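Peer 1: Okay, here's the structure, questions in a sec.
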Amino acid sequence: MIHSLLSGDYPRSRLLTVLLIAIFIGLALGPFLFSGTVAFRTMGLIVVFILVVAAYDLMLGYTHVVSFAHLMFFGFGAYGVAMALDSMGSNFTAIAVGTGASLLASIVVALLLGLLSLRVKAIFFALVTLAIAFSFMVLVNQLYTLTGGEDGMRVAVPRELGPAFRLDEPLTGFSLLGWLWGVVTNPLGLVEVTREAFFDVRANGRLLMYYVSFVITLVLFLGMLRLVNSPFGRVLLAIRENEFRAEALGYRTVYYRTAVVVLASALATIGGVMFALVTRYITPESTLDFELAVFVLLMCVIGGMGTLYGAVIGATVFLIAQNYLQDLLGVLSGWMEHVPVLAMAAPLFGSDRWLLWFGVLFVLSVYFFPTGIVGQLREWAARRSRAGEELVEGEKVDEPASHGA
Amino acid sequence: MAEPLMKLSGVHADIGQYHILHGVDLELPKGELTVLLGRNGAGKSTTLRTIMGLTDVPRGRVEFKGEDITEWATPRIARSGIAFVPEDMGIFQLLSVRENLELAAASGPIDKQRLEWVFGLFPALKKFWQTDAGNLSGGQKQMLAIARAIIEPRDLLLVDEPTKGLAPSIINDLRDAFRELKDQEATILLVEQNFNFARALGQTVAVMDDGRVVHAGSMAALAEDEALQQELLGLSLGAHQ
């Protein structure tokens, strides 16, 4: 069962398996484990961006196609569904129409983009996508009657997916982290700490929407895993490694690459739809910005390119850092201000400096984990098992060879 | 002589700004192994690459099974029944032996019987079936590269210097494999610097120099005529004996 769900593509590292299970449980039970709106919002974003980053990795990691237009397709989905809800009223038909129309637009644009520009050098494709993505952003900013311009637009979700739709009885959650913190800081008040750790979970439409996106991401992620482990996926790996060889074996690489770009774009569009419905407010800055495109790239690289599990790890690590590094830095600088010598350096650690420190973390992670977190964990696991095998087996592959004829 | 399976007439080829082939005329008889000899830089590898559609052909005509394939794209040429084993072998290092062969069997799952036959030719591949190809030795990589070309029946095999850098015992294995392919009446064009290897296998021979075919005929005739060898191949022959 697990084998077929994961298409035989196991994490291949014990630590990675533990991390992935932790993330899965954290997201599946998240609303009942972490209290507060920031936590809920972060989880929603993680779910959406796992899909978006995994789709990006299909292009970047599996096929070595660099696209800057991934967020444009994300924007197609977000604005498509928002505009449909705006003009057709807050109902599910509007969501279906918005999603369908933006998917269609994505597929057509991605197809043209792929067929026209993937024939030539990779750098050309990257530049074309950059130009197109930029024009789309300008367009969204200019067409303010339709899109709200820079102010963005409210996404009028159907009542069933909003906060107004709720069960009478709130559900109960248990804040595990809060409880652990309580136990550590106040070990004597165990009963009180335990009582405080329970919190009400508002069983409303937003919770429903969260779980809808969770299931969609899970299903699509497993679908992608199936795809990359299929014969199609192997052709992608072959193209990545040696395009000419793949052609000489009879594979039309342009079609394969175009198919990947179309697929990744369609998945990004679905991610955009989910983003709009989960956050219920979209702006060009939150959906199309160049900074966001770089963030997606970073999530992909930090997690590990060429492995879909990397998208899960990358998106989770990045978004947690993005949402909590600020708080952490705020606490740190607040504390430093009270210490005589360190007070001078305190502004460096201000919460608005989070990007600086994130940059430092990123540089360090690329330096120490050049193949991303997943790549590194797998390498360690492989090295350990190789060391074990060599003890058992003695010698390995090498045969007398390579001495010139 | 049998009817030619492939015919090159007056083929010129450019790689970038360099003009490499200056009018190659070559016929490959069906069911025979033709050896392409010549010194380094004579245009042997470029001839193979040109057949595969990997160079610009400003003039000339490449015919395969009576069809003009000069302008065809590489994947189409491959699908029409030509397998190419390049000099660098071009195996996918990050994929396993199994995945390499599965990719080569472009028309569907690998035929079991055919796979057993390939394993018979190259037993090492069976042993390292699940190993990443990048971990194989040089000889095993070459075997994989050839296995990849023959995992499905093809009309024509183009093989570029399979013995380059290999130990004598592995060269013998390769020679046996080519003999068996020959017995099955495969049409093969083999680029080779190792004259002994070439002489042991070739039925017909073409010698290239400076981007042209300067001699074509039977291998037996060339093997007997030392003066001709001296004239065509010069000292390069001695260096490889």
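The values are calculated or read from the model by the stated rules, or taken from the named source; none is laboratory data. Bear in mind that the values here come from a model prediction, so they are computed numbers and not experimental data. Ideal geometry is used to build each Cβ from the backbone, glycine not excepted, and the neighbour counts take in all protein chains shown. These area figures cover heavy atoms from the full protein model, side chains too; ligands, DNA and RNA do not enter into them. Shrake-Rupley method; radii C 1.70, N 1.55, O 1.52, S 1.80 Å.
Peer 1: When only residues in region B:65-74 that are within 14 Å of chain A (Cβ to nearest Cβ) and not in a helix (DSSP H, G or I) count, which is surrounded by the fewest Cβ atoms within 10 Å (Cβ to Cβ)?
Peer 2: Only one residue tops the list, namely B:ALA73.
Peer 1: Give me a count of the residues in region B:31-54 that are over 23 Å from B:SER218 (Cβ atoms), open to solvent by 20 Å² or more (accessible area, probe 1.4 Å) and touching a helix residue (DSSP H, G or I) at 6+ places or on another chain (Cβ under 9 Å).
Peer 2: Total meeting the criteria: 3.
Peer 1: Search region A:332-371 for residues being more than 21 Å from A:LEU297 (Cα to Cα) and of a type in the set (Ser, Thr, Tyr), and hand back the single one that is farthest from the chain's Cα centre (by Cα).
Peer 2: Across region A:332-371, the extreme among qualifying residues is A:SER333.
Peer 1: On the given criteria, is A:ALA164 in a helix (DSSP H, G or I) and either more than 21 Å from A:LEU33 (Cα to Cα) or not hydrophobic (A, V, I, L, M, F, W, C) (or both)?
Peer 2: No.
For every residue, the table says whether it meets (1) under 27 Å from A:GLN376 (Cα atoms); (2) of a type in the set (Asp, Glu); (3) open to solvent by less than 30 Å² (accessible area, probe 1.4 Å); (4) not in a helix (DSSP H, G or I).
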| site | (1), (2), (3), (4) |
| --- | --- |
| A:GLY310 | yes, no, yes, no |
| A:GLY314 | yes, no, yes, no |
| A:VAL317 | yes, no, no, no |
| A:ASP327 | no, yes, no, no |
| A:ALA343 | no, no, no, no |
| A:LEU348 | no, no, no, no |
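Peer 1: While we're looking at this one, here's another question. So which residues in region B:51-69 are in contact (Cβ under 8 Å) with a residue 40 or more places away in the chain and among the β-branched types (Val, Ile, Thr)?
Peer 2: B:ILE51, B:THR55, B:VAL57, B:VAL62
So that you can scan it fast, the table gives a plain yes or no per residue for (1) within 30 Å of A:GLY233 (Cα to Cα); (2) out of contact with any helix residue (DSSP H, G or I) (no Cβ under 7 Å at 6 or more places or on another chain):
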{"position": "A:GLY306", "(1), (2)": "yes, no"}
{"position": "A:VAL317", "(1), (2)": "yes, no"}
{"position": "A:LEU325", "(1), (2)": "no, no"}
{"position": "A:LEU329", "(1), (2)": "no, no"}
{"position": "A:LEU332", "(1), (2)": "no, no"}
{"position": "A:PRO340", "(1), (2)": "no, yes"}
{"position": "A:ALA346", "(1), (2)": "no, no"}
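Peer 1: Of the residues A:THR283, A:THR287, which is closer than 30 Å to A:PRO163 by Cβ, open to solvent by 20 Å² or more (accessible area, probe 1.4 Å), of a type in the set (Val, Ile, Thr) and touching a residue at least 24 places away in the same chain (Cβ under 8 Å)?
Peer 2: Exactly one of A:THR283, A:THR287 is closer than 30 Å to A:PRO163 by Cβ, open to solvent by 20 Å² or more (accessible area, probe 1.4 Å), of a type in the set (Val, Ile, Thr) and touching a residue at least 24 places away in the same chain (Cβ under 8 Å), namely A:THR283.
Peer 1: Out of the strands (runs of 3 or more DSSP E) lying entirely within region B:148-241, which hold 1 or more residues that are out of contact with any Asp or Glu (no Cβ under 7 Å at 6 or more places or on another chain) and within 24 Å of B:GLY138 (Cα to Cα)?
Peer 2: B:156-160, B:187-191
Peer 1: Right, something else. Being without any contact (Cβ under 8 Å) to a residue 40 or more places away in the chain and either of a type in the set (Gly, Ala, Ser) or under 19 Å from A:GLU285 (Cβ atoms) (or both) is the filter here; which residues of region A:150-189 pass it?
Peer 2: Those that are without any contact (Cβ under 8 Å) to a residue 40 or more places away in the chain and either of a type in the set (Gly, Ala, Ser) or under 19 Å from A:GLU285 (Cβ atoms) (or both): A:GLY182, A:GLY189.
Peer 1: Scanning for something away from chain B (no Cβ under 14 Å), modelled with pLDDT of 80 or more, closer than 27 Å to A:ILE23 by Cα and touching a Leu at 6+ places or on another chain (Cβ under 7 Å), does region A:161-171 turn up at least one residue?
Peer 2: Yes - at least one qualifying residue is present in region A:161-171.
Peer 1: Turning to a different aspect of this structure: For the list (1) open to solvent by 30 Å² or more (accessible area, probe 1.4 Å); (2) within 11 Å of another protein chain (Cβ to nearest Cβ); (3) modelled with pLDDT under 90, I need the number of the one condition that B:PRO86 fails.
Peer 2: It fails just one condition, (1).
Peer 1: Would you check if A:ILE2 is touching a residue at least 40 places away in the same chain (Cβ under 8 Å) and open to solvent by 20 Å² or more (accessible area, probe 1.4 Å)?
Peer 2: It is false that A:ILE2 is touching a residue at least 40 places away in the same chain (Cβ under 8 Å) and open to solvent by 20 Å² or more (accessible area, probe 1.4 Å).
Peer 1: Next question, about the same structure. Which of the residues belonging to region B:185-232 are charged (D, E, K, R) and surrounded by 13 or more Cβ atoms within 10 Å (Cβ to Cβ)?
Peer 2: B:GLU192, B:ARG199, B:ASP209, B:ASP210, B:ARG212, B:ASP225
Peer 1: Which members of region B:101-121 meet the condition of being touching a helix residue (DSSP H, G or I) at 6+ places or on another chain (Cβ under 9 Å) and within 12 Å of another protein chain (Cβ to nearest Cβ)?
Peer 2: Residues satisfying the conditions are B:LEU101, B:GLU102, B:LEU103, B:ALA104, B:ALA105, B:ALA106, B:SER107, B:PRO109, B:ILE110.
Peer 1: Another question, then. Out of the residues in region B:102-114 that are under 17 Å from B:PRO75 (Cα atoms) and assigned to a helix (DSSP H, G or I), state the one that is most open to solvent (accessible area, probe 1.4 Å).
Peer 2: B:GLU102
Peer 1: Got a sec? Which of B:LYS164, B:LYS182 is surrounded by fewer than 23 Cβ atoms within 10 Å (Cβ to Cβ), in contact with a strand residue (DSSP E or B) (Cβ under 6 Å, 6 or more places away or on another chain) and among the charged types (D, E, K, R)?
Peer 2: The match here is B:LYS182.
Peer 1: Still on this structure: Could you list, ordered by first residue, the pairs with Cβ atoms under 8 Å in which the first is in region A:326-348 and of a type in the set (A, V, I, L, M, F, W, C) and the second is open to solvent by 40 Å² or more (accessible area, probe 1.4 Å) and assigned to a loop (DSSP other than H, G, I, E, B), at least 6 apart or interchain?
Peer 2: From region A:326-348, the pairs are A:ALA343/A:GLU337; A:ALA346/A:GLU337.
Peer 1: Does A:ALA156 satisfy the condition of being in contact with a helix residue (DSSP H, G or I) (Cβ under 9 Å, 6 or more places away or on another chain), open to solvent by 30 Å² or more (accessible area, probe 1.4 Å), assigned to a loop (DSSP other than H, G, I, E, B) and among the aliphatic types (A, V, I, L, M)?
Peer 2: When the stated conditions are applied, A:ALA156 does not pass them.
Peer 1: Next up: Taking the criterion of being touching a Ser or Thr at 6+ places or on another chain (Cβ under 9 Å) and among the β-branched types (Val, Ile, Thr), would at least one residue in region B:77-88 satisfy it?
Peer 2: No: region B:77-88 contains no residue that is touching a Ser or Thr at 6+ places or on another chain (Cβ under 9 Å) and among the β-branched types (Val, Ile, Thr).
Peer 1: Quick test for you: out of B:ARG98, B:ARG59, pick the one residue that is over 26 Å from B:GLY31 (Cα atoms), open to solvent by 50 Å² or more (accessible area, probe 1.4 Å), more than 9 Å from chain A (Cβ to nearest Cβ) and part of a helix (DSSP H, G or I).
Peer 2: B:ARG98
One line per residue, one yes/no per condition, for (1) open to solvent by less than 20 Å² (accessible area, probe 1.4 Å); (2) within 30 Å of B:ARG49 (Cα to Cα); (3) among the basic types (Lys, Arg); (4) touching an Asp or Glu at 6+ places or on another chain (Cβ under 9 Å):
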site: A:GLY152; (1), (2), (3), (4): yes, no, no, yes
site: A:GLU160; (1), (2), (3), (4): no, no, no, no
site: A:LEU176; (1), (2), (3), (4): no, no, no, no
site: A:VAL183; (1), (2), (3), (4): no, no, no, no
site: A:PRO187; (1), (2), (3), (4): no, no, no, no
site: A:VAL193; (1), (2), (3), (4): yes, no, no, no
site: A:VAL201; (1), (2), (3), (4): yes, no, no, no
site: A:GLY223; (1), (2), (3), (4): no, no, no, no
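Peer 1: Tally the residues that are open to solvent by 50 Å² or more (accessible area, probe 1.4 Å) and either under 21 Å from B:ASP155 (Cβ atoms) or of a type in the set (Gly, Ala, Ser) (or both), restricting the search to region B:5-30.
Peer 2: Of the residues in that region, 5 qualify.
Peer 1: What's the total number of residues in region A:242-269 that are within 11 Å of another protein chain (Cβ to nearest Cβ) and either buried (at least 24 other Cβ atoms within 10 Å of the Cβ) or more than 25 Å from the chain's Cα centre (by Cα) (or both)?
Peer 2: Looking only at that region, the number is 14.
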